[in-house]
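One structure is given here, and the rest of the page talks about it.
The values are calculated or read from the model by the stated rules, or taken from the named source; none is laboratory data. The shown structure was predicted, so the numbers you read here are calculated from the model rather than taken from an experiment. Glycine gets a Cβ as well: all are built from the backbone with ideal geometry, and neighbour counts include every protein chain shown. Only protein heavy atoms, including side chains, enter the accessible area calculation; ligands, DNA and RNA are left aside. Shrake-Rupley method; radii C 1.70, N 1.55, O 1.52, S 1.80 Å.
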Amino acid sequence: MKNTSEKSSKHITSLKNRDKDIEYAIKYGRFVLTSIGIWPDRENKIQNYLLNFGIITGNLVLSFAIIPCALHIIYEEKDTNSKLKLFGLLMFCVCVMIKYFALSMRRSDIVQCIECLKTDWYQVKHQIHRELMLKYAKIGRNLTMTCAIFMYSGGVIYHTILPFASPRMIDLSNRTLKPLVYPSYSVLYDVQKSPIYEFVYLAHCMCGYMIYSVTTGACGLAAIFAMHICGQIEILITLIDDLVDGQKYNFSKISIGQRLTDIIKRHLHVLRFIASLEKLLQEVFLIEFAGSTFLICLLEYYCIMDWEENNKIGLFTYIILLISLSFNIFILCYIGESLTNKVNYTSKVGERFYTIEWYRLSPKLASGLILIIAISNNPVKITAGKMADLSLLTFSNVSI
């Protein structure tokens with residue numbers, strides 16, 4: 001009687017905390033994506049209009065930095081090394097703008113993944129399962145925070161310290177030029193005049209926030225959903241272990257057939273969730289993977305240039321950005337590796353079912369295990385646009 005009351009209290013506790021648990025899982029990712037208009041809100045129409053306005057504003061801010069910078073590189077910049085440095089900056093901004101557009105077009109898919117996540121939290125029936133989900137939710141939060149720390153720290157240094165620490169330039173009129181993060185095309189406006197300079201500098205800082213928020217937000221989405229799926233796979237494994245007796249989680253009152261049905265439904269749900277995540281982020285992953293690989297090569301070249309010129313501040317800044325981009329790819333590959341390992345572990349359900357007392361099942365139910373084995377024979381992987389698997393092996397190939 002005491003055990004029953006303990007299990008009942010655990011069940012009630014999980015229900016009371018489910019909204020807090022959902023908030024705990026998505027808080028950091030939602031904050032970053034809401035600030036750039038990507039996180040959807042189906043209930044509040046006014047906030048949806050504000051988010052749409054935020055997306056339009058974000059694209060205008062990015063365009064305000066990209067277009068004048070591109071014109072400056074093409075028509076005004078004569079030094080080859082400076083052109084190469086600005087080209088890397090321009091390519092980074094263009095990649096971010098494409099990722100931003102891809103995320104904006106996939107907001108309906110984000111809604112679908114969020115609803116799946118909430119449904120899984122609402123269906124938690126045991127405290128042990130809740131603790132498993134909280135364990136992986138914490139990993140997702142930590143990955144999001146780590147990515148944010150690296151990206152924003154590198155961005156703040158690049159946008160605030162590097163421009164003012166660089167040697168001052170003097171034009172033909174013997175006028176000291178005020179520093180800018182993104183050089184502007186002088187034909188459009190005289191950026192050196194006040195208050196034009198202050199306005200442009202503020203817009204460039206906003207552009208920097210957009211750039212690093214898009215990168216952090218994409219990584220946060222992948223971390224939140226992928227780690228949640230890993231938690232669901234862990235729960236699925238515990239249900240398989242408890243299939244025959246149903247004693248461990250107080251499921252003995254449910255028939256074995258119903259327990260097997262629940263396992264199959266959960267397994268299919270996990271596979272559909274992975275497919276939805278792949279559909280949501282495959283373009284973003286491809287752009288992130290290809291763009292970051294190209295930019296890492298450029299940053300290494302910039303480090304060599306500043307090393308030869310003894311530009312310590314520039315060298316330090318580029319090293320921070322190099323670490324940030326490398327770590328960002330590492331997080332994506334780590335997420336893909338973790339998810340693949342979990343899915344592959346679960347896909348070998350034949351081995352898993354051999355460890356349970358399957359021979360105690362009726363022949364009809366035992367033959368039903370073949371269905372799960374057949375479904376699991378097709379391994380699921382997270383890819384960068386179906387062109388490269390996101391795994392630690394892929395990361396090692398890129399870093400080398």
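Data table
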{"quantity": "Conditions (1) modelled with pLDDT of 65 or more; (2) closer than 18 Å to I274 by Cβ; (3) open to solvent by 60 Å² or more (accessible area, probe 1.4 Å); (4) outside any helix (DSSP H, G or I): number failed by N378", "calculated": "(1)"}
{"quantity": "Matching residues, the stretch 40-74, being at pLDDT below 85 and of a type in the set (F, W, Y)", "calculated": "Y49"}
{"quantity": "Criterion (modelled with pLDDT under 85, within 17 Å of M151 (Cα to Cα) and aliphatic (A, V, I, L, M)) met by exactly one of L325, L339", "calculated": "L325"}
{"quantity": "Qualifying residue in the stretch 242-250 (condition: open to solvent by 20 Å² or more (accessible area, probe 1.4 Å), modelled with pLDDT under 75 and aromatic (F, W, Y))", "calculated": "no"}
{"quantity": "Residue within the stretch 56-67 that is surrounded by fewer than 16 Cβ atoms within 10 Å (Cβ to Cβ) and more than 23 Å from S186 (Cβ to Cβ) present", "calculated": "yes"}
{"quantity": "Residues (of a type outside the set (D, E) and not in a helix (DSSP H, G or I)) located in the stretch 292-322", "calculated": "N310, N311"}
{"quantity": "Tabulated pairs, the stretch 66-87, first more than 17 Å from L295 (Cα to Cα), second among the charged types (D, E, K, R), C-beta under 8 angstrom, 6+ apart or interchain", "calculated": "I73/K83; E77/K83"}
{"quantity": "Filtered residue count, the stretch 88-116, keeping only those that are more than 30 Å from E23 (Cβ to Cβ) and without any contact (Cβ under 8 Å) to a residue 60 or more places away in the chain", "calculated": "3"}
{"quantity": "Pairs where the first residue, in the stretch 117-128, is under 11 Å from Q232 (Cβ atoms) and the second is of a type in the set (S, T, Y), C-beta under 8 Å, 6+ apart", "calculated": "V124/S14"}
{"quantity": "Residues located in the stretch 288-322, provided they are among the hydrophobic types (A, V, I, L, M, F, W, C), crowded, with 21+ Cβ neighbours inside 10 Å and more than 23 Å from T80 (Cβ to Cβ)", "calculated": "F289"}
{"quantity": "Members of the stretch 63-113 found to be closer than 22 Å to G217 by Cα and polar (S, T, N, Q), listed by number", "calculated": "S63, S104, S108, Q112"}
{"quantity": "Single condition L84 does not satisfy, out of (1) farther than 21 Å from L180 by Cβ; (2) surrounded by 14 or more Cβ atoms within 10 Å (Cβ to Cβ); (3) at pLDDT below 85; (4) out of contact with any helix residue (DSSP H, G or I) (no Cβ under 6 Å at 6 or more places or on another chain)", "calculated": "(1)"}
{"quantity": "Residues of the stretch 293-319 that turn out to be without any contact (Cβ under 8 Å) to a residue 40 or more places away in the chain, closer than 30 Å to L339 by Cβ and within 23 Å of the chain's Cα centre (by Cα), as a count", "calculated": "1"}
{"quantity": "Search result, residues across the stretch 13-32 that are at pLDDT 85 or above and among the acidic types (D, E)", "calculated": "D21, E23"}
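Here's the yes/no breakdown for (1) open to solvent by less than 70 Å² (accessible area, probe 1.4 Å); (2) out of contact with any Cys (no Cβ under 9 Å at 6 or more places or on another chain):
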| position | (1), (2) |
| --- | --- |
| K125 | no, yes |
| Y136 | yes, no |
| T144 | yes, no |
| M151 | yes, no |
| V156 | no, yes |
| L162 | yes, yes |
